[in-house]
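The values are calculated or read from the model by the stated rules, or taken from the named source; none is laboratory data. Predicted, not measured: the structure shown is a model, and the values here were computed from it. Cβ sites come from the backbone with ideal geometry, for glycine too, and all protein chains shown count toward neighbours. Heavy atoms of the whole protein, side chains included, go into the accessibility calculation; ligands, DNA and RNA do not. Shrake-Rupley method; radii C 1.70, N 1.55, O 1.52, S 1.80 Å.
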Amino acid sequence: MLGIFPAFTTQTGGIQASGKIAWSGITAHAIQWPTPPLLFLYGGTAAEPLNGERVVVARHKTAAILAALRIRCQARSILLWHISFLQLLPFLRLPRARTVLFLHGIEAWQPRGWAFRALLRRVDLFLSNSDYTWDRFLVDNPTFHATPHRTVHLGIGTPLTAISEPLVFPPAVLMVGRFARGEDYKGHREMIAAWPAVRQRVPTAELWIVGEGDLRPDLETLVSASGLERGIRFFGGVSDEEKERLLQRCRVMALPSRGEGFGLVYLEAMRIGRPCLVSTLDAGREVVNPPEAGLSADPRDLRALADATCRLLSPGQEWDEWSLRARLRYEQHFTAAHFQQRLIEALW
C-alpha cells in the first residue's frame, strides 16, 4: 500500500485529521505484511512513522514530483487522500497498482478540464466521506456513475467516561470552523441574521463564533450594524483545549452550512453530548440524523433557523434526550475505530 496524504501537522483541518486516523488504522491492519506500507506526505518538513511504516516527505510540488519518480515499491494499491494528488499519478511507476481516491467535499465539487478528467478515469475505486459528497461530485462528473464507489463515514477519538453538563447561564450556541470569503457557506451570516429573533425569545442567549479567516471583518460589521455585540462573541482561533472547554460550556453546536461534505465538528460535539443544529442542504443530516442528535433547518429560512435554535437552547427533558442520543450516536457509529473499520472493509 502506498498512501499519499497531506502532511500530519499539529494544526490540522478535517482532511489532515481524518487522514492521520485513517493511516493509523491501515498500518495497524497491515502489521503482519512482509513489507510495511509506504506513506507519502505532501506539505510537511518531517514525519515520525505511526506504526513503523516508511515515510516520504515532500514540501512542495516539484519535490513531490521528484519523490514520486524515485519511489520503488511493490504496492498493490495507491490511496490518495486528496483529489489534487491525482496529479502525481503520471510520475508513479506502479502500473499494476489499484488507484483509490477519497473524496472529502468542496474540493471535489467543481468541473474539471480534459486533462484532469483523464486522471480521474484512472481511479479504480472512489471513496467518499458522505453520500452527499458523492452525489455532488457526480453533478459535475456524471460519467463516473458506473465507477465503483463506497461511502466511508469518518470518525474521531474514543468514548468519554464522564460527560459534563453545560453551564446554565448563559445559554450558548457554539460555531466552530474557519470563515474565508471563498468558503462563505457555513452559515455564519445566517446565524447572525437570525440572532435578533433568537434573543427576543431567549434574551440571555449568546452566539460564540470560533475560528479565523478573511471573512471575519465582514461578519463583525454585520454584528455591529445589528447592535448585537453583547449577544455575539468572536473568539478567534483557539487551542484544542480551549475548543473542548467551549464545547463543554455550550448548549448547542451549530453549523447550518450549505455545502458541508461531512463535518468533524459535529462529532466533537456529539462525543460530549451536545446536540447539533445542521442544514437541510448538505451532509450534516447524515451525521446528526435529525431529530436523533439535534435538528435541521434550511439556512435560507431565518425563521426556521431561529425556531430550531431556540428549541435546542431550551433546558428540560427534550434537551436531555437529545444530549443522550447525540452521545450514543457518536459511540455507536463515529469513533475512530468505527471509521478505521469502515475504511479497511472498503479497501480490502
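Taking the range 310-348 on its own, how many of its residues are among the hydroxyl-bearing types (Ser, Thr, Tyr) and part of a helix (DSSP H, G or I)?
2
Assess whether Phe262 counts as being part of a loop (DSSP other than H, G, I, E, B) and within 23 Å of Phe137 (Cα to Cα).
yes
Which residues, counting only those in the range 86-145, are of a type in the set (Lys, Arg) and surrounded by fewer than 13 Cβ atoms within 10 Å (Cβ to Cβ)?
Arg93, Arg96, Arg121, Arg122
Hey, any hits in the range 150-157 for a residue that's buried (at least 19 other Cβ atoms within 10 Å of the Cβ), of a type in the set (A, V, I, L, M), without any contact (Cβ under 8 Å) to a residue 60 or more places away in the chain and not in a strand (DSSP E or B)?
No, the range 150-157 has no match at all.
So is Gly182 within 24 Å of the chain's Cα centre (by Cα), surrounded by 15 or more Cβ atoms within 10 Å (Cβ to Cβ) and of a type in the set (Gly, Ala, Ser) or not?
Taking the combined requirement at face value, the residue does not satisfy it.
Report, by residue number, each residue of the range 53-83 that is of a type in the set (Ser, Thr, Tyr) and surrounded by 14 or more Cβ atoms within 10 Å (Cβ to Cβ).
Listed by number, the list holds a single entry, Ser77.
So is Leu246 open to solvent by 10 Å² or more (accessible area, probe 1.4 Å), aliphatic (A, V, I, L, M) and either touching a residue at least 60 places away in the same chain (Cβ under 8 Å) or outside any loop (DSSP other than H, G, I, E, B) (or both) or not?
no
Return the residues of the range 167-189 that are touching a residue at least 60 places away in the same chain (Cβ under 8 Å), in contact with a Ser or Thr (Cβ under 9 Å, 6 or more places away or on another chain) and not hydroxyl-bearing (Ser, Thr, Tyr); say none if nothing qualifies.
Pro171, Val173, Gly177, Lys186, Gly187
Which of the residues belonging to the range 178-204 are at pLDDT below 95 and among the acidic types (Asp, Glu)?
If the condition is that a residue be at pLDDT below 95 and among the acidic types (Asp, Glu), then Glu183, Asp184 are the ones that fit.
Would a scan of the range 327-335 turn up a residue that is open to solvent by 50 Å² or more (accessible area, probe 1.4 Å), without any contact (Cβ under 8 Å) to a residue 40 or more places away in the chain and farther than 30 Å from Ser24 by Cα?
No: the range 327-335 contains no residue that is open to solvent by 50 Å² or more (accessible area, probe 1.4 Å), without any contact (Cβ under 8 Å) to a residue 40 or more places away in the chain and farther than 30 Å from Ser24 by Cα.
Given the criteria of a type in the set (A, V, I, L, M), assigned to a loop (DSSP other than H, G, I, E, B) and either closer than 20 Å to Gly14 by Cα or open to solvent by less than 10 Å² (accessible area, probe 1.4 Å) (or both), does Val278 qualify?
No: the conditions fail for Val278.
Kindly check whether there is at least one residue in the range 258-276 that is over 30 Å from Gln317 (Cβ atoms) and more than 17 Å from the chain's Cα centre (by Cα).
No: the range 258-276 contains no residue that is over 30 Å from Gln317 (Cβ atoms) and more than 17 Å from the chain's Cα centre (by Cα).
Of the numbered conditions (1) of a type in the set (A, V, I, L, M); (2) part of a loop (DSSP other than H, G, I, E, B); (3) closer than 16 Å to Glu190 by Cβ, Val238 satisfies every one except a single condition; which is it?
Val238 satisfies all of (1) of a type in the set (A, V, I, L, M); (2) part of a loop (DSSP other than H, G, I, E, B); (3) closer than 16 Å to Glu190 by Cβ except (3).
Restricting to the range 288-323, count the residues that are open to solvent by less than 10 Å² (accessible area, probe 1.4 Å) and in contact with a Gly (Cβ under 6 Å, 6 or more places away or on another chain).
2
Report yes if Ala254 is outside any loop (DSSP other than H, G, I, E, B) and either closer than 23 Å to Phe339 by Cβ or open to solvent by less than 20 Å² (accessible area, probe 1.4 Å) (or both), otherwise no.
Judged against the criteria, Ala254 is a match.
Does Val173 fit the bill of being in a strand (DSSP E or B) and either among the charged types (D, E, K, R) or over 21 Å from Pro6 (Cβ atoms) (or both)?
Yes; evaluated as a whole, the condition is true for this residue.
Give Ala162, Ala172 a once-over and let me know the one that is surrounded by fewer than 15 Cβ atoms within 10 Å (Cβ to Cβ) and not β-branched (Val, Ile, Thr).
Matching residue, one of Ala162, Ala172: Ala162.
Tally up the residues in the range 207-235 that are open to solvent by less than 30 Å² (accessible area, probe 1.4 Å) and closer than 29 Å to Pro315 by Cβ, please.
10
Could you list, in sequence order, the residues of the range 185-201 that are among the hydrophobic types (A, V, I, L, M, F, W, C) and either under 18 Å from Leu267 (Cα atoms) or buried (at least 18 other Cβ atoms within 10 Å of the Cβ) (or both)?
Once the filter is applied, which keeps residues that are among the hydrophobic types (A, V, I, L, M, F, W, C) and either under 18 Å from Leu267 (Cα atoms) or buried (at least 18 other Cβ atoms within 10 Å of the Cβ) (or both), the range 185-201 yields Met191, Ile192, Ala194, Trp195, Val198.
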